[in-house]
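**Student:** First the structure, which I've put down as structure tokens, then a few questions once you've had a look.
The values are calculated or read from the model by the stated rules, or taken from the named source; none is laboratory data. For clarity, every value in this text was computed on a predicted model and none was experimentally measured. Note that each Cβ is placed from the backbone with ideal geometry, even for glycine, and that neighbours are counted across all protein chains shown.
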């Protein structure tokens, strides 16, 4: 939280006010200025124990899981109304801590999370939490009951959106939750916890812990949890899954991507290239769905390369609060250094850096990189196989439609992608052939009412849509005997 709010009223990691068990703090640093914008208490294992114990008590003995659904909906509608009033402040807060360009923040970091919350508020009122099915011996009652205590562990790139993709369905289902945001970007999570308390969320239903990787691993393996929902890297996802295995804790994982934008030979390049460029570098390339592999017919390769270079060179890099900025700073000095390692690797692998990749001379402060485009890339190169998570895209040529599908599918990931064509039916046929959780034709879209998640190393389980709510529901079956037929006759 901002420093001027901390003295005398710092929010403890478990959601209460008061000092943390350990007085150490994380520094939240602006990626644009490299200045400290907030200090947040650093959670210890004992803080995690207290947070999980509070959530456990609220689930086992508190009112939240036992409330009529309409009462839970009423509380979360009050939360939604409060957050809608703060949408500009939320966008600015996330821009300060993340470096996300404000114009992107306002939609993707502020409005989109609230769209998720509002979608689930509407869905919950019609969701079949209980139904009666005919059985051989009598009616069968099938009940959807809350899975229990949930740990929601989120990444730094889209923090509030990821939090509400987990918390909105979990809380509406009747679960209680411990939210663990990234220590690099925790301020929106603390704002959310405070707004939820003010909206009337009962004590213990939502706790926030801001922790390093070691304490986060302790949370993932905590015996007091019933489910872990994790968003992050494949490597961290493996560790979370291993931690959950010891107690058979249910787990869902939303992991990485290396999405392919497949430009077919009939696409209108005048209409397509700028859109593909915007999708490749969204959120400064720090997005799991960024279209960082651009696949084009070999006959059009030189033309598309020239157009992309032109589009990328025109992307304004600078102050994320400037409405003209399209590429903000990377989230940290370490992230920029990691991206620069991939830039060097691409050159060593034989790819050609056609544009970008340098630190802007006019921006000596802040973790900036100009957006980079590699050409002469083959799909077996590491820069085409590994998730760089920065403003770097690869242009890859293909021979025919079958070759395009083969290349798009030749990835350890299977999260998202796009197809660009003059024939929507053709685009649909191509999308159906690729093993990825989400594909769009002539656009990029993530519908709140449709499941989002990945094949292969991109994850396990789904968020959004009714499928996202079912992730937080257990099913109980109760068999009852058939009612006796009423007596008839004289």
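**Student:** Scan segment 324-359 for residues that are closer than 21 Å to residue 104 by Cα and surrounded by fewer than 14 Cβ atoms within 10 Å (Cβ to Cβ) and jot them down.
**Tutor:** Selection gives 324 alone.
**Student:** I've got another one for you. Just one of the numbered conditions (1) within 20 Å of the chain's Cα centre (by Cα); (2) outside any helix (DSSP H, G or I) is not true of residue 145; which one?
**Tutor:** Going through the list (1) within 20 Å of the chain's Cα centre (by Cα); (2) outside any helix (DSSP H, G or I), residue 145 breaks only (1).
**Student:** Further question: Checking residue 374 against (1) over 27 Å from residue 100 (Cβ atoms); (2) crowded, with 23+ Cβ neighbours inside 10 Å; (3) free of Cβ contacts under 8 Å to residues at least 60 places away in the same chain, which test does it fail?
**Tutor:** Going through the list (1) over 27 Å from residue 100 (Cβ atoms); (2) crowded, with 23+ Cβ neighbours inside 10 Å; (3) free of Cβ contacts under 8 Å to residues at least 60 places away in the same chain, residue 374 breaks only (1).
**Student:** Okay, next question. Select, from 191, 137, the only residue that is outside any loop (DSSP other than H, G, I, E, B), in contact (Cβ under 8 Å) with a residue 40 or more places away in the chain and surrounded by fewer than 22 Cβ atoms within 10 Å (Cβ to Cβ).
**Tutor:** Testing whether each residue is outside any loop (DSSP other than H, G, I, E, B), in contact (Cβ under 8 Å) with a residue 40 or more places away in the chain and surrounded by fewer than 22 Cβ atoms within 10 Å (Cβ to Cβ) leaves just 191.
**Student:** Continuing with the same structure: Looking only at segment 205-219, filter to residues that are touching a residue at least 60 places away in the same chain (Cβ under 8 Å) and surrounded by fewer than 24 Cβ atoms within 10 Å (Cβ to Cβ); which one of those is farthest from residue 246 (Cα to Cα)?
**Tutor:** Selected residue: 212.
**Student:** Of the conditions (1) outside any loop (DSSP other than H, G, I, E, B); (2) crowded, with 21+ Cβ neighbours inside 10 Å; (3) out of contact with any helix residue (DSSP H, G or I) (no Cβ under 9 Å at 6 or more places or on another chain), residue 230 satisfies every one except a single condition; which number is it?
**Tutor:** For residue 230, the exception is condition (3).
**Student:** Of the residues that make up segment 367-378, is at least one more than 19 Å from residue 295 (Cα to Cα), at pLDDT below 95 and in contact with a strand residue (DSSP E or B) (Cβ under 8 Å, 6 or more places away or on another chain)?
**Tutor:** The answer is no, given that none of the residues of segment 367-378 is more than 19 Å from residue 295 (Cα to Cα), at pLDDT below 95 and in contact with a strand residue (DSSP E or B) (Cβ under 8 Å, 6 or more places away or on another chain).
**Student:** Next question, about the same structure. In the list 289, 273, which residue meets the criterion of being in contact with a strand residue (DSSP E or B) (Cβ under 6 Å, 6 or more places away or on another chain), at pLDDT 95 or above and under 21 Å from residue 439 (Cβ atoms)?
**Tutor:** Answer to the selection: 289.
**Student:** Would you point out which residue out of 417, 397 is within 28 Å of the chain's Cα centre (by Cα), crowded, with 20+ Cβ neighbours inside 10 Å and in contact (Cβ under 8 Å) with a residue 40 or more places away in the chain?
**Tutor:** 417 is the lone residue from the list that is within 28 Å of the chain's Cα centre (by Cα), crowded, with 20+ Cβ neighbours inside 10 Å and in contact (Cβ under 8 Å) with a residue 40 or more places away in the chain.
**Student:** Moving on. Based on this model, can you work out whether residue 431 counts as buried (at least 23 other Cβ atoms within 10 Å of the Cβ) and at negative phi?
**Tutor:** Taking the combined requirement at face value, the residue does not satisfy it.
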